[in-house]
Amino acid sequence: MQNSVLWTADELVAATAGKLLGTVSRPLNGVSIDSRNVAPGDIFVAIKGDKHDGHDFVAGALKSGAGLAVVSRVTDEMTAEGPVLTVAEDPLRGLENIGRASRARSHGQIIGVTGSVGKTSTKEMLRVALAASGQTHASAASFNNHWGVPLTLARMPRETAFGVFEIGMNHAGEITPLAAMVRPHVGIVTSIAPSHLGHFKSLDEIADAKAEIFHRHRAGRPRGHLPRHALL
């Protein structure tokens, strides 16, 4: 159970170097990038996707109960519905910075899971097993890409004892920045399989890309007896 608000307005301003317009009047206990699924008190991040720009849905998200919207441009329609936090770069960068701030404040033991197959099932098994020992936070569904990882970090409660993050990739170099955000104490590679051969020349190249999870971004030795790395 979450014992305190997920984010305060002051924490978000500090994390993003943004400017708050309006007054936050409700606890901020969630983060969403989909206006269709906004819950009361959610922080709505107006990410621009391939087909839709989240800015077009900010007013609706605030009207639906979002407690704050993170935007890079402001309209009167938005501010008429609720508070907005403007960030200098695009909102995805703002979400990444919120994710980094979440990781920086965490005292939990953090696990990163990657692999050609088995990432989600391994993550779910860890979620269930670790929940018996303390508050556990894990990626929803297969949120393992450039927006899924920072979103999962931003949603991590400050009281989290164990965090389990799924990290995916299609090309070399994609895991490195995500691992730098997660900074796992424990890195797990579930398997190496030819599922990415369209972007790689060999299984060895896939293995090298997956091994980015073990690079210098680890957070240091965790408390307890979890192993540093595992290859399942």
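The values are calculated or read from the model by the stated rules, or taken from the named source; none is laboratory data. Source: prediction; values computed, not measured. Note that each Cβ is placed from the backbone with ideal geometry, even for glycine, and that neighbours are counted across all protein chains shown. Only protein heavy atoms, including side chains, enter the accessible area calculation; ligands, DNA and RNA are left aside. Shrake-Rupley method; radii C 1.70, N 1.55, O 1.52, S 1.80 Å.
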Item to complete: Determine the percent antiparallel among the DSSP beta bridges restricted to the range 1-139, to the nearest 5.
Response: 35 percent
Discussion item. What's the magnitude of the charge dipole for the range 34-98 around its Cα centre, counting Lys and Arg as +1 and Asp and Glu as -1 at the beta-carbon? Answer in Debye, nearest 20.
Written reply: 80 debye
Worksheet item: Cα-Cα over 27 Å: which of K48/K201; K123/K210; K19/K210?
Response: K48/K201; K19/K210
Worksheet, complete the sentence: With every protein chain kept in place and a 1.4 Å probe, the residues S202, S139, S133 fall, from largest accessible area down, as S133, S202, S139
Response to the item:
The alpha-carbon center of the range 138-182 and that of the range 26-69 are separated, in whole Å, by 20 Å
Discussion item. Run the Debye formula on the Cα coordinates of the chain, all scatterers equal and no solvent, and tell me log10 I(q)/I(0) at q = 0.10, 0.18 1/Å.
Written reply: -0.47, -1.25
Worksheet item: Toward the positive end of the charge dipole of the chain, about the Cα centre and with charges on Cβ (Lys, Arg +1; Asp, Glu -1), which of V164, G148, A14 goes farthest?
Response: V164
Practice prompt. On the full set of protein chains, 1.4 Å probe, figure out the accessible area of L203 and give it in Å² to the nearest 10.
Written response: 80 Å²
Worksheet item: Just by accessible area at a 1.4 angstrom probe, what is the order of H137, H52, H215 from largest to smallest?
Response: H52, H215, H137
Response to the item:
Scattering profile of the range 19-141 from the Debye formula, Cα beads only, expressed as log10 I(q)/I(0) at q = 0.22 Å⁻¹, is -1.19
Worksheet item: When the dipole is taken about the Cα centre of the chain, and only Lys, Arg (+1) and Asp, Glu (-1) are charged at their Cβ, what size is it in debye, to the nearest 20?
Response: 800 debye
Worksheet item: Given the Cα atoms of the range 73-140, and with Rh set as the inverse mean 1/r over their pairs in the Kirkwood sense, what is Rg to Rh to two decimals?
Response: 1.15
Fill in: Accessible area, probe 1.4 Å, largest first, for residues W147, W7
W147, W7
